[in-house]
Amino acid sequence: MIQRNQLDLRKFVVPEFICGYGALQLAGRYARNFGMKQVLLVTDPGIRAAGWADAVGESLTEAGVPFTIFDAISPNPRSGQVMAGAEVYHSEECNGIVAVGGGSPMDCAKGIGIVSSNMQDILTFEGVDRVPVPAPPLICIPTTAGSSADVSQFAIITDEMRRRKIALVSKALVPDISLLDPRPLTTMPLELTVDTGMDALCHAIEAYVSNASSPMTDLHALEAIRLIHSALPAVIEDPENLELRFSTLLASLHAGLAFSNASLGATHAMAHGLGGVYDLPHGRCNALLLEHVIAANYEAAPDRYDRIGAIFDREPGEQTTPAGEIAAFRRSIGITATLTELGIREDAIPTLARRAYADPCLVTNPRRLTCEDIERIYEHAL
């Protein structure tokens, strides 16, 4: 059982953020305020095609801030992409970074920043508090509602050589400001809306049951869960609705403030293993693992899991569990596959479990899991 005392010392790290219609257009003003003379505008090809990188570029131009675009970034950003971006940062003599996109461009931008200030390979920063020199100023403009990279002290980078995801955790990775504008979310495809929404839900749930949670993170985690429960199904039906999109953006914000300060748990540790080996969408991996991790963890934090379960609708007199309620919710928004259907083989489980067991996210899981426990959770999810 988790023993918590609300009087325990806790640190809460949060960047400045501005929410609302038109926030994106403030990028130039803040770049100028931060003293940026040459910006590396980090994005990806999809965001450029949707026009959002150009919109941010126009704001920079209007503010008199020149920029260079770096968009050679894939989903699950690679260490080589980070190092390539750092080379462009130095060759163009940049002194600040603006990231436009989902978790992949924002995590890559964070990596570029700390590589540029520390002059070391990105893989040397794996772990907690391993960044000695602060990064240059970073402005984030999220175009999805789920990763929360725009407010967190986390960055997840794929080690290409070893086919594994590494977690970097440091307050040096917290952006200087996040500009939260709902408009870019309207160009998200349905599958990305669902996957990133489930990622935000997983962030909030794991932060709420984390053994490093606090009264402050609890407030944000529970509000995120409530917003996702109400807004995500609605926005799937009405994707152009800016009010609903903004609610999902707020959910991601609250979830990010929670997990950045309370950390995560076994779901993310296990999802990182899947993403590294199979290059699968992170949110989809979380969605398919979450209910099975809840079932495995339940006895370590029953009151907290029951409080989460109570947020989700139940039929009168229906006997359900929090794990069952989460499973029903993800099916209701169209996630019905299994890990087997995503190509995961049973003989891969021992390797996946060893990687998850070594992931720093496992440290704050409410139940101390063995490698064998993790193997069983993967097996249930097949």
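Read the figures in this text as sums done on the coordinates, not as results from a lab. This structure is a prediction, so every number in the text was calculated from the model and none was measured. Cβ: placed from backbone, ideal geometry, glycine included. Neighbour counts: every protein chain shown.
Select from M83, G146, N118 the residue farthest towards the positive end of the dipole of the stretch 1-153; place +1 on Cβ of Lys and Arg, -1 on Cβ of Asp and Glu, and compute about the Cα centre.
Final value for the positive-end residue is G146.
If you rank K37, K110, K11, K165 by fewest surrounding Cβ atoms within 10 Å, what's the result?
In order of increasing Cβ crowding within 10 Å: K11, K37, K165, K110.
For R29 and N241, what is the calculated FRET efficiency with R₀ set at 41 Å and r taken between the beta-carbons, to the nearest 0.05?
0.90
With r as the distance between the Cβ atoms of F12 and H90 and R0 = 25 Å, compute the FRET efficiency 1/(1 + (r/R0)^6) and round to 0.05.
0.15
Give me the one-decimal nm value for the distance between modelled label points at T61 and A358, 7 Å along each residue's Cα-to-Cβ direction.
Calculated label separation equals 4.8 nm.
Give me the extension gain from R368 to A348: residue separation times 0.36 nm, minus the current Cα-Cα distance, reported in nm with one decimal.
Extra length available between R368 and A348 comes to 5.0 nm.
Place a +1 charge on the Cβ of each Lys and Arg in the stretch 225-314 and a -1 charge on the Cβ of each Asp and Glu, then give the dipole magnitude about the Cα centre in debye, rounded to the nearest 20.
220
Measure out, as a whole number of angstrom, how far apart the alpha-carbon centroids of the stretch 6-35 and the stretch 321-382 sit.
What the calculation gives is 34 Å, centre to centre.
Compute the separation of the alpha-carbon centres of the stretch 59-84 and the stretch 99-124 and state it in Å as a whole number.
Computed from Cα coordinates, the inter-centre distance equals 10 Å.
What's the exposure ranking of M216, M36, going from fewest to most Cβ atoms within 10 Å?
Sorted ascending by nearby Cβ count, the order is M216, M36.
Report relative contact order for the stretch 22-181 in percent, whole number only (criteria: Cα-Cα under 8 Å, sequence separation at least 6).
Once divided by the residue count of the stretch 22-181, the mean separation gives 25 percent.
Gaussian network model of the chain, Cα springs within a sub-10 Å range: biggest mean-square fluctuation belongs to which of S117, S263, S178?
S117
Run the quick spin-label model on Q38 and K171: label points 7 Å from Cα toward the beta carbon, then report their separation in nm to one decimal.
Distance between label points: 3.2 nm.
If contacts are Cα pairs under 8 angstrom and at least 6 residues apart, what is the relative contact order of the chain in percent?
It rounds to 16 percent for the chain.
If contacts are Cα pairs under 8 angstrom and at least 6 residues apart, what is the relative contact order of the stretch 32-98 in percent?
It comes to 51 percent, rounded to a whole number.
Give the order of H268, H90 when sorted by the count of other beta carbons within 10 angstrom, beginning with the fewest.
Lowest count first: H90, H268.
Report, in deg cm²/dmol and to the nearest 500, the calculated mean residue ellipticity at 222 nm for the chain, where each DSSP H run with n ≥ 4 adds -39500 (n - 2.57) and the sum is divided by the residue count.
-15500 deg cm²/dmol
Quick check on packing: order 185-196, 138-149 by the mean number of other C-beta atoms within 10 Å, highest mean leading.
138-149, 185-196
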